[in-house]
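Engineer: Please see the structure below; I have some questions.
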Amino acid sequence: MTSPLPVVELRDVSKSFGNVRAVKNVSFTLPRGSVLTILGPSGCGKTTLLRMIAGFDAPTSGEIFIQGQPVSSVPPYQRSIGMVFQKLALFPHMTAAENIAYPLKMRRYDPATIPGRVERYLQIVQLSGMGTRRIHELSGGQQQRVAIARALSFSPDLLLLDEPLSALDKKLREEMQLEFRRIQQELAVTTINVTHDQREALVMSDEIIVMSDGAVQQAADPVRLYREPSSRFVASFIGLTSLLTGRATKIQAMDVAIQVGNMVLKGRTADETIQNGAWVECALRAEQVRIFPAGKGFAEFDNALEGVVDQQIFEGDRMVYQVRCPALGDAPIFVFDHDPAHHQFHQKDDSVRIGWNAQDLLVYACSDA
Amino acid sequence: MSSSDTPSFQYPLSWRILDRAESVAGLWPGRWSSLTGYLFLVPALLLVFVLVIGLVYIFDYSLHELDLSTYRLKDAFSLVNYQAALKSVTYRIVVLRSLGASAIVTLITMVLAFPYAYVMVRTRSSFTRKFLLISLFLPFFIGQVVRAYGWLIILGKEGLLNTFITSLGLPPVKLIYNYPAVILGLVQYMLPFAVLLLAPAVTSISEDIELASEGLGANWVQTFRHVVLPLARPGLIGAGVVVFTLTLTDFAMPEILGGGTTDFIANSIYDGFFQISNPGLGAALSMILVTLGSVIVTVVFFLAGTGTLVSTEGTP
Ligand SMILES: Nc1ncnc2c1ncn2[C@@H]1O[C@H](COP(=O)(O)OP(=O)(O)O)[C@@H](O)[C@H]1O
Ligand SMILES: [Mg+2]
């Protein structure tokens, strides 16, 4: 029987350390089997939030429910939560298999069933035959696998991942992201994943919560979060984004005209409170901007500008340009040019034209106005 | 540039001194540079060497019988001193008493020192940590003999405790010049050493590992038993060996708090050399003490593995 209750529910959870408010009024619910990623810069309170869910710290206010039960007074060892720590925290004095058997032993599983279970989880994380290795005899990626097998072997209600991949090199990290996703789907385990890596968040999650400074900025599925960021902060945190500040001059439903420098740009907003003449902030994704040699016409774009290449970075599959537009008061615009070998490279100090459509210029009310 | 110019920037004095020192060190021939590291070992090696010379002389003493007519050691080699030492019931009791005290003191000290070190390392309150640190180092400034006399003042026949007891109308209690008093004094003396040796062992266990254990279903007793103790084992063994050998060879506590009733081996050695003026016998007892200590330490390290002394495992 699957219960209709959410596996985890946070209601207005806050945590203060002295004067530092590390987590501010966080609420969310997590249905069974889904993956939630908490995304935010270092120091925004992600670990603190996970520690409260795991039971290592108590919230200063608010309540956490697991399977519908409030858990403030339940110690960690009586919660059914598997956690993979930032630094893994494997037991160095035990073998891989002993690490995986540890929660089974502590939770008084029938000793006769333990070897079979350990073997099964070694298989799931593709470490069959390595059970007798000591932790320091395993590579970084293999240690990750032991940590996840240890966190899952007792079939917890909830799996918590505290940036366990952050220490790995890029290639291994991306490999392990897919691996985590596979295991998570195979076992259908409800998961909260914490990261400051936007790519990891997009790859691994059903739902993403963006946090900054202890507070939730936006909660949405990856596609919506990327396409409809609710604030300038979220827009700038995910993807490569150019930021412009200007004044709204004409508003018609969601269409806004914005005066930036001595240009009037066309943009879109979801915020109905923006008034004519108000200061606004605009965000523009690098992949939405096209770049052409100077003088080439392109009437099809809502916004078109002359500029000069400030910097160009070759990334193999794409070129990243930083373009300075005097008309915008020198604010840099980032541009991705995919498959640049196919047409033309621009060099530093080349004159170029850039253009993008109104729907891609996201307009927000000024946060500190 | 004229000489009246004052340079706007001057190297700090410590840099200039070190630069001078380096230029002097530069005179050291380059092709010997691979030996430079070993050079720093020389003073320590010299000290150990001197110790070995002393030991060789004592070993030599122990092989010569005392000539009672001249009160000098005879020239001829003999094992008389060892026979005397090993046959004597008194000395056998002294050896057993020293060994027993070492075992008891080690056990009690470790039991007391581990929580102390643990709290000192783990506490979130900087006040608690400072308080524990100061309490730890204070005894080092006082020294063993003064501390032993401190105990006399408290536990003596007319000491603070007995004054209190008699003021209640009870008869005075004999609290010193017995085995428990010596043990008490030794435990108090050893505690700071043990804490100092255990603190790094606790520090090396990351807090996350303990939390991980709890999250996996272990309460704190199980976490202590299955995670903290095994990971602290090298520190525990190291501290245990230090406390054991320091107790085994201790002189002041049994002398002052035992008052001649509870001699340890060191007291007998002292008596051998200076009371009955028999350096041969004193030397034989010394050799027995050195052998005992070395054998025990070797066995412990052999059983515990060399990893105890120098960590050979990388911690992930
Ligand atoms: N035990 C603590 N005592 C005091 N401040 C803390 C403690 N733990 C975390 N903080 C503070 O809370 C904030 C959030 O920390 P953390 O949750 O570790 O962030 P993140 O995991 O997102 O990097 C930081 O400002 C940090 O300094
Ligand atoms: Mg963190």
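Engineer: In degrees, nearest 10, range 0 to 90: what is the angle between the Cα axis of helix A:96-106 and the longest Cα principal axis of chain A?
Structural biologist: 70 degrees
Engineer: Two-decimal Rg/Rh of chain A from alpha-carbon positions, Kirkwood Rh?
Structural biologist: On the way: Rg = 24.6 Å, Rh = 23.2 Å.
Answer for chain A: 1.06.
Engineer: Would you mind computing Rg(Cα) / (2.2 N^0.38 Å) for the stretch A:8-227, counting N as its residues?
Structural biologist: Dividing the Cα radius of gyration by 2.2 N^0.38 Å gives 1.00.
Engineer: Let me ask something else. I need the calculated FRET efficiency for the pair A:N25 and A:D349, taking r as the beta carbon distance and R₀ as 51 Å, to the nearest 0.05.
Structural biologist: FRET efficiency, A:N25 to A:D349: 0.55.
Engineer: Measure nothing fancy, just the Cα-based angle from helix A:140-152's long axis to the longest principal axis of chain A, in degrees from 0 to 90, nearest 10.
Structural biologist: Result, in degrees: 60.
Engineer: Right, another one. May I have the convex hull volume per residue, in Å³, for the Cα set of the stretch B:1-91?
Structural biologist: Per residue, the Cα convex hull of the stretch B:1-91 comes to 292 Å³.
Engineer: Counting pairwise Cα distances across the stretch A:198-349, what percent come out greater than 21 angstrom?
Structural biologist: The proportion of pairs with Cα distances above 21 Å equals 52 percent.
Engineer: Using the Cα centre of the stretch B:64-308 as origin and beta-carbon charges of +1 (Lys, Arg) and -1 (Asp, Glu), tell me which of B:F251, B:T291, B:L152 is placed farthest towards the positive end of the dipole.
Structural biologist: Of the listed residues, the answer is B:L152.
Engineer: Out of every Cα-Cα pair in the stretch B:64-308, what percent are more than 24 Å apart?
Structural biologist: That fraction is 58 percent.
Engineer: Can you send over the solvent-accessible area of A:I64, 1.4 Å probe, protein chains only, in Å² to the nearest 10?
Structural biologist: 0 Å²
Engineer: So, with +1 on the Cβ of K and R and -1 on the Cβ of D and E, and no other charges, what is the size of the charge dipole of chain B about its Cα centre, to the nearest 20 debye?
Structural biologist: Numbers: 17 positive and 17 negative charges, 83 e Å.
With only Lys, Arg, Asp and Glu charged at Cβ, the dipole is about 400 debye.
Engineer: In debye, nearest 20: dipole of the stretch A:8-227 around its Cα centre with unit charges on the Cβ of K, R (+) and D, E (-)?
Structural biologist: Values: 26 positive and 22 negative charges, 52 e Å.
Computed about the Cα centre, the dipole is about 240 debye.
Engineer: Contact order normalised by length for chain A, with contacts defined as Cα pairs under 8 Å and 6 or more residues apart; what percent is it?
Structural biologist: Details: 776 pairs, mean separation 54.6, N = 369.
Answer for chain A is 15 percent.
Engineer: Find the eigenvalues of the gyration tensor of the Cα atoms of the stretch B:131-179, then list the square roots of 5 times those eigenvalues as equivalent ellipsoid semi-axes, largest first, in whole angstrom.
Structural biologist: For the stretch B:131-179, the ellipsoid semi-axes come out as 27, 13, 8 Å.
Engineer: Another question about this same structure. For B:K174, go through the aspartates and glutamates and keep the ones whose alpha-carbon is under 12 Å away, minus same-chain ones fewer than eight residues off.
Structural biologist: Partners within reach: B:E158.
Engineer: Something else now. In whole Å and largest first, what semi-axes does the C-alpha gyration tensor of the stretch A:73-115 yield when each eigenvalue is scaled by 5 and square-rooted?
Structural biologist: Three semi-axes, in Å: 19, 17, 7.
Engineer: Further, regarding this structure: Give the relative contact order (percent, whole number) for chain B; include only Cα pairs under 8 Å separated by 6+ residues.
Structural biologist: Reported relative contact order: 24 percent.
Engineer: Run the quick spin-label model on A:K87 and B:V42: label points 7 Å from Cα toward the beta carbon, then report their separation in nm to one decimal.
Structural biologist: For the pair A:K87/B:V42, the computed spacing is 4.0 nm.
Engineer: Could I ask something else about it? How much accessible surface does B:W32 have with a 1.4 Å probe, in Å² rounded to 10?
Structural biologist: 110 Å²
Engineer: Next question. Let me confirm one metric for peptide A:97-110, namely the mean number of other chain beta-carbon atoms within 10 Å of its residues' beta-carbons.
Structural biologist: 3
Engineer: Here's another thing I want to ask about it. Based on Cβ point charges of +1 for Lys and Arg and -1 for Asp and Glu, what charge dipole magnitude is obtained for chain A about its Cα centre, in debye rounded to the nearest 20?
Structural biologist: 1020 debye
Engineer: Using a cut-off of 9 Å between beta-carbons, work out the net charge of the residues near A:A294 (Lys and Arg +1, Asp and Glu -1, A:A294 not included).
Structural biologist: Numbers: positive: A:K296, A:R353; negative: A:E306, A:D350.
Residues close to A:A294 contribute a combined charge of 0.
Engineer: If you don't mind, there's one more thing I want to ask. Nearest 500 deg cm²/dmol is fine: what mean residue ellipticity at 222 nm does chain B get from its DSSP H runs of n ≥ 4 alone, each adding -39,500 (n - 2.57), divided by its residue count?
Structural biologist: Value at 222 nm, helices only, nearest 500: -22000 deg cm²/dmol.
Engineer: Near the amide H of A:L158, under 5 Å away, which other amide H atoms are found, from residues 5 or more places off or on another chain, if H is placed in the peptide plane?
Structural biologist: So A:L158 has HN proximity to A:G82.
Engineer: May I ask which residue of A:I274, A:F237, A:A96 lies farthest towards the positive end of the charge dipole of chain A, with charges of +1 (Lys, Arg) and -1 (Asp, Glu) on Cβ and the Cα centre as origin?
Structural biologist: A:A96
Engineer: Roughly how crowded by other chains is peptide B:220-233, in terms of the mean Cβ count from those chains within 10 Å of each of its Cβ atoms? Don't jump to the answer; show the numbers that get you there.
Structural biologist: On the way: counts 2, 0, 4, 2, 0, 0, 7, 5, 0, 1, 4, 3, 0, 1.
Taking the mean over all residues of the peptide, I get 2.
Engineer: A further question follows. Return the subset of A:K24/A:K171; A:K87/B:K130; A:K296/A:K348 for which the Cα-Cα distance in this structure is over 23 Å, preserving the input order.
Structural biologist: Over 23 Å apart, Cα to Cα: A:K24/A:K171; A:K87/B:K130.
Engineer: For B:R72, which sequence-distant residues (separation of 5 or more, or a different chain) have an amide H within less than 5 Å of its own amide H, given hydrogens modelled in the peptide plane?
Structural biologist: Those lying under 5 Å, H to H, from B:R72 are B:D67.
Engineer: From the residues B:M110, B:L39, B:S268, which one has its Cα farthest along the dipole of chain B in the positive direction, the dipole being from +1 and -1 charges on Cβ of Lys/Arg and Asp/Glu about the Cα centre?
Structural biologist: Value computed over the given set: B:M110.
Engineer: Enumerate the amide H contacts of B:H64 below 5 Å, restricted to partners 5 or more residues apart or on another chain; note that Pro and chain-start residues carry no placed amide H.
Structural biologist: Excluding prolines and chain starts, which carry no amide H, the hits are B:S78.
Engineer: State, to one decimal in nm², a quarter of the convex hull surface area for the C-alpha atoms of the protein assembly as shown, i.e. the direction-averaged projected area.
Structural biologist: 55.0 nm²
Engineer: Which aspartates and glutamates, on any chain, are close to A:K250 with Cα under 18 Å apart, when same-chain ones fewer than 8 places away are left out?
Structural biologist: Straight-line reach from A:K250, under 18 Å: A:D271, A:E272, A:E281, A:D302, A:D360.
Engineer: Let me ask something else. For the stretch B:122-204, what number results from the quotient of the Cα radius of gyration and 2.2 N^0.38 Å?
Structural biologist: 1.41
Engineer: Continuing with the same structure: Taking R0 as 60 Å, what's the FRET efficiency between A:S73 and A:S139 from their Cβ-Cβ distance, rounded to 0.05?
Structural biologist: The formula returns an efficiency of 0.90 here.
Engineer: A follow-up question, please. Suppose each label sits 7 Å from its Cα in the direction of the beta carbon; what would the A:T60-B:W220 distance come out to in nanometres?
Structural biologist: 2.4 nm
The values are calculated or read from the model by the stated rules, or taken from the named source; none is laboratory data. Quick caveat, the model's predicted, so the values are computed rather than measured. FYI the Cβ positions are ideal-geometry reconstructions off the backbone, even for glycines, and counts take in every protein chain you see. These accessible areas exclude ligands, DNA and RNA; they are computed on the full protein's heavy atoms, side chains included. Shrake-Rupley method; radii C 1.70, N 1.55, O 1.52, S 1.80 Å.
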